[in-house]
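These notes concern the structure reproduced below.
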Amino acid sequence: MYSGFSLELLQQILCPIDAGALVLEGALQDPVLNGCARCVRCGLLYRVESGILILLEHQQKLMDPESVREAEARDVDAENYHTYCSEVGDRKEIPPTLCMLGELEGKRVLELGCGTGRYSVYLAGRSASFTGVDFSLDSLKLLAAAMPQGGRRGLVLADATKFQTSPHSFDLVLCAQVLQHVPTAALREDLYRHVAQQLTPGGVFVCNAYHHHLSWRMQGLPKEGRHESGIFYHRFTRKELTEEIGRHLIVRKSHPISVHIPFSGRLGLNDLWLSRVVERVPLLNNLGELMLVKAKKGEVAADGETTFSEEV
Ligand SMILES: C[S@@+](CC[C@H](N)C(=O)[O-])C[C@H]1O[C@@H](n2cnc3c(N)ncnc32)[C@H](O)[C@@H]1O
Ligand SMILES: [Zn+2]
């Protein structure tokens with residue numbers, strides 16, 4: 001069970017309206033379970049309830065109507081989220097995504113759109129600190145219940161496209177299966193812009209999102225649509241996703257994952273094994289249902305040039 005918001009992490013978070021610093025009010029214990037933080041610029045008061053910092057209340061009037069609808073739908077369905085994920089699906093997606101993130105030990109990790117914690121519990125258990133952001137309170141409550149006690153952790157109820165922290169607060173940022181639901185390119189760009197600020201120089205951003213994959217295209221299905229729950233989605237081409245991220249960070253790797261070969265079951269082939277092999281095979285990997293991208297924030301050398309010290 002989550003024991004509350006680590007004071008050190010809470011102090012990095014800025015007001016989502018004007019990026020003012022948040023000052024905690026009253027005598028607080030570390031970690032913070034219940035309390036208040038006031039923005040030094042606009043004076044707005046943000047509550048911490050059961051260790052969850054509530055930024056959303058004051059963001060809601062600025063949110064896109066699609067996002068407001070999604071947040072409501074996520075709350076309604078939070079308890080069932082795990083039933084939409086299959087064991088094979090997770091095994092196709094999670095290991096290659098974690099592999100792109102790299103070593104977690106000693107790293108300050110931020111997860112945007114953490115949901116009920118399919119990645120979060122693993123990340124929190126292995127990193128120096130973990131901050132999870134989502135706009136579904138019911139999802140965060142489930143994650144809080146699943147989180148092991150102790151450690152430097154923080155959960156934030158916020159729209160990730162407007163979430164801001166002090167610069168260089170994180171070494172790694174993960175955004176898994178979220179970007180497809182952000183309704184406009186302009187909002188996604190807001191998210192990347194904030195990530196570029198949040199990351200330390202040399203820090204890593206990893207995301208996966210729905211791919212506009214070959215079988216989908218061959219069936220003539222549209223790039224955008226809605227799930228039964230009403231939640232909007234957009235399927236990305238590799239070029240589209242890497243170009244939009246590339247305007248804010250330096251894209252180092254990208255390839256489709258979660259490959260499903262039609263009729264593999266009928267042919268007696270192991271779908272998981274095939275996916276792992278085929279995700280590295282050009283052209284064939286166009287069948288991958290998710291695009292996986294790794295990007296880095298450049299390191300600024302003394303002469304002001306942006307460089308990378310290592311090849312990844
Ligand atoms: C498909 S779920 C993925 C959850 C988790 N990352 C995982 O891989 O299991 C998408 C999550 O992103 C959250 N989300 C979508 N757009 C968001 C936004 N703009 N700000 C915060 N959370 C968002 C939803 O509430 C939901 O929990
Ligand atoms: Zn403010």
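With respect to the stated conditions, GLU228 is at pLDDT 90 or above, surrounded by fewer than 18 Cβ atoms within 10 Å (Cβ to Cβ) and part of a loop (DSSP other than H, G, I, E, B). Considering the range 122-147, the residues that are within 22 Å of GLY106 (Cα to Cα) and within 13 Å of the chain's Cα centre (by Cα) include one that is surrounded by the most Cβ atoms within 10 Å (Cβ to Cβ), namely THR131. If you take the residues of the range 148-181 that are farther than 26 Å from PRO201 by Cα and under 12 Å from the mean Cα position of the chain (by Cα), which of them is surrounded by the most Cβ atoms within 10 Å (Cβ to Cβ)? Top of the filtered list is GLN180.
Can you name every one of the helices (runs of 4 or more DSSP H) wholly within the range 5-100 that holds 2 or more residues which are touching a Ser or Thr at 6+ places or on another chain (Cβ under 8 Å) and either polar (S, T, N, Q) or in contact (Cβ under 8 Å) with a residue 40 or more places away in the chain (or both)? Break it down into steps so the answer makes sense when it comes.
Working: elements: 7-10, 56-59, 65-77.
In the range 5-100, 7-10, 65-77 are the helices (runs of 4 or more DSSP H) which contain 2 or more residues that are touching a Ser or Thr at 6+ places or on another chain (Cβ under 8 Å) and either polar (S, T, N, Q) or in contact (Cβ under 8 Å) with a residue 40 or more places away in the chain (or both).
The values are calculated or read from the model by the stated rules, or taken from the named source; none is laboratory data. As the structure is a computational prediction, the values presented were derived from the model and not from experiment. Cβ: placed from backbone, ideal geometry, glycine included. Neighbour counts: every protein chain shown.
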